C-alpha cells in the first residue's frame, strides 16, 4: 500500500511538469525508494495519475536499469563491466563481489542485505572500474577496496539495527 506521504509527493512532482507523463520516471524512483521496488500497485497509481496505460509505465521500467520490479537488497551493488571498466578489471570486480556475497547477477542475499547487478555503464569511465551502491558511486575499485566497502556496509547495517 502506498503511503499518504508518497501520494502527496506524487502530486507535488506532477504539478511541476507541463506534460504529466513526463513525471513517470521521477515518480517511479520515489515509489521505489519508499517500497524498495516498483510494485504493481505503484505502476497502477502512477499510470492513473499521469493519464497513461499501465503498460506505458512498465515500458519505462524496462528501459531504465535503475528501476526494479522485484525487491532488491538494502544495499544494491551495481558493477560496471562495459569496455572501460572491463579493460581495467570490472569483470574481476564483479566476480569478486559475487563470490564474497555468494550471489550472482540480479540476485539478493538471503538476509536481504545485498543485491548484485552487472551493468553496462555508470558514466564513470575515467575512474574505471566503477560501481554504484544505491545512489553512491565508487571509482578505481579494487578487490581490497571492495572488501573494505562490504565491511563498512555491514557495520552501517548493524548500527542502524541497534538504533531501531
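Please treat every number below as a calculation from the coordinates, not as lab data. Note that the structure is predicted; figures quoted are calculated from it, not measured. Note that we place each Cβ from the backbone using ideal geometry, even for glycine, and neighbour counts take in every protein chain shown.
Once the Cβ-Cβ distance between residue 147 and residue 3 is put in as r, and R0 is 35 Å, what FRET efficiency do you end up with, to the nearest 0.05?
0.45
Against the longest alpha carbon principal axis of the chain, how many degrees, from 0 to 90 and to the nearest 10, is the axis of helix 54-63 turned?
20
By how many nm would the segment from residue 126 to residue 34 lengthen if fully extended, with 0.36 nm per residue of separation less the alpha-carbon distance?
29.9 nm
By how many degrees, 0 to 90 and rounded to 10, does the Cα axis of helix 4-15 deviate from the longest principal axis of the chain?
80
Using a ≥ b ≥ c from the Cα gyration tensor of the chain (square roots of the eigenvalues), is it rounded, prolate or oblate, where a/c under 1.5 gives rounded and otherwise the larger of a/b and b/c decides, a/b for prolate?
prolate
For the chain, what's the relative contact order in percent, using C-alpha pairs closer than 8 Å and at least 6 residues apart?
It comes to 17 percent, rounded to a whole number.
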